[in-house]
Amino acid sequence: MAQLSISGNLQVMGVVNATPDSFSDGGKYDTIEKALEHALQLISEGADILDVGGESTRPGSRQVNLNEELERTVPLIRAIRETSDIPISVDTSKPGVMQAAVGAGATMINSIWALQLDDSLQVAADLKVPVVLMHMRESPATMQQNPTYADVVAEVKEFLKLRIEAALDAGIALEHIIIDPGFGFGKTIEHNLLLLKSLSEFKQLGVPVLAGLSRKSMIGTILDRPVDQRLYGSLSTAVMAAMLGADILRVHDVAETVDAIKMVKALGQVAT
Ligand code: 9MG
């Protein structure tokens, strides 16, 4: 039976897409001005962290080149930083974007590749900021082509254990490592549900756990809802993840998630 384990430091990470082809908002925030307005809105709604991304990671998405990604992310991060001291994570696989983003004020790196590409591991270590190491099967282009695992929970856990070790070997401090099972990244609905149900097991790896379930296709398929009608499904998965030990929830609907999570935190604080 899944174990109830509510984190004492549960945080909400709001998604700020600076991409014209994002799966969840279809490029609604495709100019710096619109993305900045959205970021400031998420801050006012109670986000603890913002995750700024300039390259879509949805299944089959197109890769963008370094310059394009820099143009989408760096001015936006600089503009957010001019008005707020909120922690800013940069969602990127490119070492050059990591460096420029941190130079512009980002304080965290979100790597859906778990820092396996190019020299990203060493670059992230040198930048001395917290890193999110996420599990993904293959690449965004191919990850949903018949994903198969003998034991999805054990395999994802083993992968993350190895990436924690690699990060430590590269000089990243243990306190700077966050792991993420990568919901939807090369997983069927059943794989995602098994990972969610077993989320508390990932705490055994000794570092905070991030869960990103917001608006994902698992919710759309189970509820038979298009992406703009997945709020209630997203909130229920946020609550489940929070009750199973997630430390950070990566979400699109910040205000609603902050309220839902306040209820979970209240439950976590009551003595039994
Ligand atoms: C960029 N991105 C999209 N979904 C994500 C998830 O579930 N986790 C992390 N860390 N990043 C994600």
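I'd like the residue in the range 114-127 that is crowded, with 20+ Cβ neighbours inside 10 Å and of a type outside the set (Gly, Ala, Ser) and, out of all such residues, is farthest from Thr57 (Cα to Cα).
Leu127
Condition check: modelled with pLDDT under 95, under 28 Å from Asp247 (Cβ atoms) and among the hydrophobic types (A, V, I, L, M, F, W, C). Does Ala35 satisfy that?
Criteria met by Ala35.
If I filter the range 198-209 for residues that are touching a Leu at 6+ places or on another chain (Cβ under 8 Å) and over 27 Å from Ala150 (Cα atoms), do I get at least one hit?
Checked against the condition, which is being touching a Leu at 6+ places or on another chain (Cβ under 8 Å) and over 27 Å from Ala150 (Cα atoms), the range 198-209 yields no hits at all.
Quick one: count up the residues across the range 57-80 that are more than 8 Å from Pro140 (Cβ to Cβ), within 18 Å of the chain's Cα centre (by Cα) and touching a residue at least 60 places away in the same chain (Cβ under 8 Å).
0
Quick one: count up the residues across the range 187-239 that are surrounded by fewer than 23 Cβ atoms within 10 Å (Cβ to Cβ), among the aliphatic types (A, V, I, L, M), more than 12 Å from the ligand (Cβ to nearest atom) and in contact (Cβ under 8 Å) with a residue 24 or more places away in the chain.
Final tally of qualifying residues: 10.
The values are calculated or read from the model by the stated rules, or taken from the named source; none is laboratory data. Here the structure is a predicted model, which is why all the values come from computation and not from measurement. Here Cβ is always computed from backbone atoms with ideal geometry, including for glycine, and neighbour counts include all displayed protein chains.
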